[in-house]
Amino acid sequence: MDYQYVDGRLQIRRTDEEKKPILQRLKRIEGQVRGLQAMVQEDRYCLDEVQQMNAITAAVREAVLQLISTHLDASVDYAVHAKDQDGAVEEMVRVLRAALRQT
(Lines give C-alpha, C1' and ligand atoms only; values in the text may rest on other atoms or scores of the structure.)
Protein backbone atom coordinates (compact mmCIF):
# COMPACT_ATOMS: atom_id res chain seq x y z
CA MET A 1 0.00 0.00 0.00
CA ASP A 2 1.22 3.42 -0.90
CA TYR A 3 -0.31 6.70 0.17
CA GLN A 4 0.19 10.40 0.13
CA TYR A 5 -1.32 13.21 2.15
CA VAL A 6 -2.75 15.86 -0.17
CA ASP A 7 -4.97 18.81 0.72
CA GLY A 8 -5.72 17.40 4.17
CA ARG A 9 -6.72 13.99 2.80
CA LEU A 10 -4.92 10.68 2.87
CA GLN A 11 -5.00 9.21 -0.62
CA ILE A 12 -4.28 5.48 -0.75
CA ARG A 13 -2.98 3.50 -3.69
CA ARG A 14 -3.51 -0.20 -3.07
CA THR A 15 -1.49 -2.90 -4.73
CA ASP A 16 -3.30 -5.40 -6.95
CA GLU A 17 -2.96 -7.94 -4.14
CA GLU A 18 -4.57 -5.53 -1.67
CA LYS A 19 -7.41 -4.78 -4.11
CA LYS A 20 -8.13 -8.46 -4.73
CA PRO A 21 -10.21 -9.30 -1.59
CA ILE A 22 -12.20 -6.09 -1.90
CA LEU A 23 -12.95 -6.71 -5.56
CA GLN A 24 -13.87 -10.34 -4.82
CA ARG A 25 -16.35 -9.19 -2.18
CA LEU A 26 -17.84 -6.62 -4.57
CA LYS A 27 -18.26 -9.29 -7.25
CA ARG A 28 -20.08 -11.49 -4.73
CA ILE A 29 -22.36 -8.57 -3.89
CA GLU A 30 -22.98 -8.03 -7.59
CA GLY A 31 -24.06 -11.68 -7.86
CA GLN A 32 -26.36 -11.28 -4.87
CA VAL A 33 -27.99 -8.25 -6.49
CA ARG A 34 -28.49 -10.16 -9.74
CA GLY A 35 -30.07 -12.97 -7.73
CA LEU A 36 -32.39 -10.50 -6.04
CA GLN A 37 -33.39 -9.05 -9.40
CA ALA A 38 -34.28 -12.54 -10.58
CA MET A 39 -36.29 -13.14 -7.42
CA VAL A 40 -38.30 -9.96 -8.04
CA GLN A 41 -38.82 -10.90 -11.71
CA GLU A 42 -40.08 -14.34 -10.63
CA ASP A 43 -42.41 -12.86 -7.98
CA ARG A 44 -40.75 -14.84 -5.21
CA TYR A 45 -42.06 -14.78 -1.67
CA CYS A 46 -41.53 -11.35 -0.11
CA LEU A 47 -39.69 -12.68 2.94
CA ASP A 48 -37.16 -14.43 0.68
CA GLU A 49 -36.56 -11.15 -1.14
CA VAL A 50 -36.21 -9.24 2.13
CA GLN A 51 -33.73 -11.81 3.44
CA GLN A 52 -31.69 -11.43 0.25
CA MET A 53 -31.73 -7.64 0.66
CA ASN A 54 -30.53 -8.03 4.24
CA ALA A 55 -27.71 -10.28 3.06
CA ILE A 56 -26.69 -7.68 0.49
CA THR A 57 -26.74 -4.92 3.10
CA ALA A 58 -24.56 -6.99 5.43
CA ALA A 59 -22.13 -7.75 2.60
CA VAL A 60 -21.85 -4.06 1.72
CA ARG A 61 -21.16 -3.26 5.38
CA GLU A 62 -18.34 -5.81 5.37
CA ALA A 63 -16.88 -4.26 2.21
CA VAL A 64 -16.97 -0.86 3.92
CA LEU A 65 -15.15 -2.33 6.92
CA GLN A 66 -12.46 -3.75 4.63
CA LEU A 67 -11.92 -0.33 3.07
CA ILE A 68 -11.91 1.42 6.45
CA SER A 69 -9.43 -1.06 7.87
CA THR A 70 -6.96 -0.37 5.07
CA HIS A 71 -7.45 3.36 5.44
CA LEU A 72 -6.97 3.30 9.21
CA ASP A 73 -3.78 1.27 8.81
CA ALA A 74 -2.45 3.89 6.40
CA SER A 75 -3.51 6.71 8.75
CA VAL A 76 -1.61 5.18 11.66
CA ASP A 77 1.44 4.60 9.45
CA TYR A 78 1.25 8.22 8.30
CA ALA A 79 0.97 9.48 11.88
CA VAL A 80 4.06 7.54 12.92
CA HIS A 81 6.25 8.42 9.93
CA ALA A 82 5.16 12.03 9.39
CA LYS A 83 4.78 12.72 13.10
CA ASP A 84 1.41 14.30 12.30
CA GLN A 85 -0.91 12.72 14.83
CA ASP A 86 -3.50 15.50 14.56
CA GLY A 87 -3.79 15.16 10.78
CA ALA A 88 -4.04 11.38 11.03
CA VAL A 89 -6.72 11.53 13.74
CA GLU A 90 -8.72 14.06 11.70
CA GLU A 91 -8.50 11.72 8.71
CA MET A 92 -9.63 8.71 10.75
CA VAL A 93 -12.58 10.61 12.22
CA ARG A 94 -13.58 11.86 8.75
CA VAL A 95 -13.63 8.29 7.38
CA LEU A 96 -15.47 6.88 10.40
CA ARG A 97 -18.03 9.69 10.30
CA ALA A 98 -18.75 8.93 6.64
CA ALA A 99 -19.10 5.22 7.43
CA LEU A 100 -21.49 5.86 10.30
CA ARG A 101 -23.77 7.92 8.04
CA GLN A 102 -24.31 4.75 6.01
CA THR A 103 -25.71 2.71 8.89
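The values are calculated or read from the model by the stated rules, or taken from the named source; none is laboratory data. Predicted model, so just to flag it, every value in this text is computed and none were measured. Please note: Cβ atoms are built from the backbone with ideal geometry, for glycine as well, and neighbour counts cover all protein chains shown. We work out accessible area using only protein heavy atoms, side chains counted, and drop any ligands, DNA or RNA first. Shrake-Rupley method; radii C 1.70, N 1.55, O 1.52, S 1.80 Å.
So, in the range 73-90, how many residues would count as being within 16 Å of T15 (Cα to Cα) and open to solvent by less than 90 Å² (accessible area, probe 1.4 Å)? The total comes to 1. Across the range 19-34, the number of residues qualifying as exposed (fewer than 14 other Cβ atoms within 10 Å of the Cβ) and in contact (Cβ under 8 Å) with a residue 40 or more places away in the chain comes to 1.
Here's the yes/no breakdown for (1) of a type in the set (F, W, Y); (2) touching a helix residue (DSSP H, G or I) at 6+ places or on another chain (Cβ under 6 Å); (3) closer than 27 Å to E90 by Cβ:
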site: D2; (1), (2), (3): no, no, yes
site: R14; (1), (2), (3): no, no, yes
site: E18; (1), (2), (3): no, no, yes
site: P21; (1), (2), (3): no, no, no
site: Q32; (1), (2), (3): no, yes, no
site: L36; (1), (2), (3): no, yes, no
site: Q41; (1), (2), (3): no, no, no
